[in-house]
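Notes for the one structure printed next.
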Amino acid sequence: MEELYKQPGKIALITGGNRGIGLRIVKKLVECEIEIILGVRNPIDSRKAVEQYLEHAGIQLASCKLHYEQLDIGNMKSVREFASKISTKFEKIHLLINNAGVMSVPFKLTDDGFESHMAINYYGHFLLTHLLLPKLKAAGTPDCKARVVNVSSCVHKIGEIDYNDINKLKNYYPADAYNQSKLAQVLFAKHLNLVFEEDGLPVLANSLHPGVVNTDLFEHTSTNYIPWVRGLLFKSPEEGSRTVVYAAISPKLEARGGCYLSNCREASTHRHWKNSVQCEKLFKLTCDKLGITDFFHKH
């Protein structure tokens, strides 16, 4: 069980904190007295859902510092507008939790020309991390680093980055597209952390598997579509939130960036995870696709 402790003065940003695991993450961060920015598609509906949930959980809304901002994470224009607004309003961001996601949706290319799993689960969060990096750097100190947390999945282990057809135009299987996007999140966190360490930046990055959680992510699947899911017991959204919160606040990870976590412990991962060449290859390709020339703002 992750330990919650008071951290007033800290600011966390979470994508998609208005349902499922996200709601439980928000509740736990609120209990730590952390100020929270929620990047959500519909701020008005999200505020209602979150406030209703927190009130039901016995939390005094007057004591919560919550901000709801419009964000469509799969649309790069929306990501840029959101990041610009956040950068104007906040000087520092201590925790960036890249949580929003879709699973096994029908094939669709976004307005930017990206396959939708990659756009929502990976490209949008990659761009957001780039745009908010100055705020993370400003928040981190050598003793208490800022953190980037990528919510991935254990299925990343059977994912492959298809460099010849990253949009899956030739053969589209929803599960493959999902697995590829989840692998991308893990390799991204690993490469990020490597550069943070090399450059001595007060930021660390980790990725994690929250558990196979019974949320509306499964609306497009019958659980038969990945045969071994049936044999697993679904976790509750509360249980699913634990490793995310652990990655975000645990003092045990203060010097442990570049980890892949499951059940609040380091876990086995994809064969490419230890291959810095593979991590960098994907990173560079993504920068090219998104038109990012200087991801780490080194100038």
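The values are calculated or read from the model by the stated rules, or taken from the named source; none is laboratory data. What you see is a predicted model; the values in this text were computed from it and never measured. Every residue, glycine as well, gets a Cβ built from its backbone with ideal geometry; the counts of neighbours run over all protein chains shown. Remember, those area values only see protein heavy atoms, side chains included, never the ligands or the DNA or RNA. Shrake-Rupley method; radii C 1.70, N 1.55, O 1.52, S 1.80 Å.
The set of residues in the range 99-115 that are in contact (Cβ under 8 Å) with a residue 60 or more places away in the chain and closer than 15 Å to residue 290 by Cα comprises 114, 115. Filtering the range 250-280 to residues that are closer than 28 Å to residue 135 by Cβ and either among the small types (Gly, Ala, Ser) or free of Cβ contacts under 8 Å to residues at least 40 places away in the same chain (or both) leaves 250, 251, 252, 255, 257, 258, 266, 276.
Residue under question is residue 66, and the condition is that it be touching a Ser or Thr at 6+ places or on another chain (Cβ under 7 Å), modelled with pLDDT of 95 or more and either closer than 23 Å to residue 191 by Cβ or open to solvent by less than 50 Å² (accessible area, probe 1.4 Å) (or both); does it hold? Judged against the criteria, residue 66 is not a match.
Of everything listed in (1) of a type in the set (Val, Ile, Thr); (2) over 18 Å from the mean Cα position of the chain (by Cα); (3) under 27 Å from residue 24 (Cα atoms), the single unmet condition for residue 97 is (2). Looking only at residues in the range 22-63 that are of a type in the set (Asp, Glu) and over 18 Å from residue 240 (Cβ atoms), which one is least open to solvent (accessible area, probe 1.4 Å)? Only one residue fits best here, namely 35. In the set (1) open to solvent by less than 10 Å² (accessible area, probe 1.4 Å); (2) assigned to a helix (DSSP H, G or I), the condition left unmet by residue 14 is number (2).
Filtered by the rule that a residue be under 19 Å from the mean Cα position of the chain (by Cα) and aromatic (Phe, Trp, Tyr), the range 169-184 gives a lone residue, 178.
Residue 124: outside any strand (DSSP E or B), of a type in the set (Gly, Ala, Ser) and open to solvent by 10 Å² or more (accessible area, probe 1.4 Å), yes or no? Criteria not met by residue 124. The single residue among 150, 164, 179, 171 that is assigned to a strand (DSSP E or B) and free of Cβ contacts under 8 Å to residues at least 60 places away in the same chain turns out to be 150.
Quick one: count up the residues across the range 139-163 that are open to solvent by 10 Å² or more (accessible area, probe 1.4 Å) and out of contact with any strand residue (DSSP E or B) (no Cβ under 8 Å at 6 or more places or on another chain). Count: 10. Looking only at residues that are in contact (Cβ under 8 Å) with a residue 12 or more places away in the chain and β-branched (Val, Ile, Thr) in the range 281-298, which one is surrounded by the most Cβ atoms within 10 Å (Cβ to Cβ)? This residue is 286. Being part of a loop (DSSP other than H, G, I, E, B), under 19 Å from the mean Cα position of the chain (by Cα) and under 18 Å from residue 285 (Cα atoms) is a property that residue 74 has. Could you tell me whether any residue of the range 98-108 is over 29 Å from residue 176 (Cα atoms) and surrounded by fewer than 19 Cβ atoms within 10 Å (Cβ to Cβ)? No, the range 98-108 contains no residue that is over 29 Å from residue 176 (Cα atoms) and surrounded by fewer than 19 Cβ atoms within 10 Å (Cβ to Cβ). I want to confirm something. Restricting to the range 247-259 and keeping residues that are surrounded by fewer than 22 Cβ atoms within 10 Å (Cβ to Cβ) and touching a strand residue (DSSP E or B) at 6+ places or on another chain (Cβ under 9 Å), which single residue is nearest to residue 10 (Cα to Cα)? Within the range 247-259, the match that is nearest to residue 10 (Cα to Cα) is 254.
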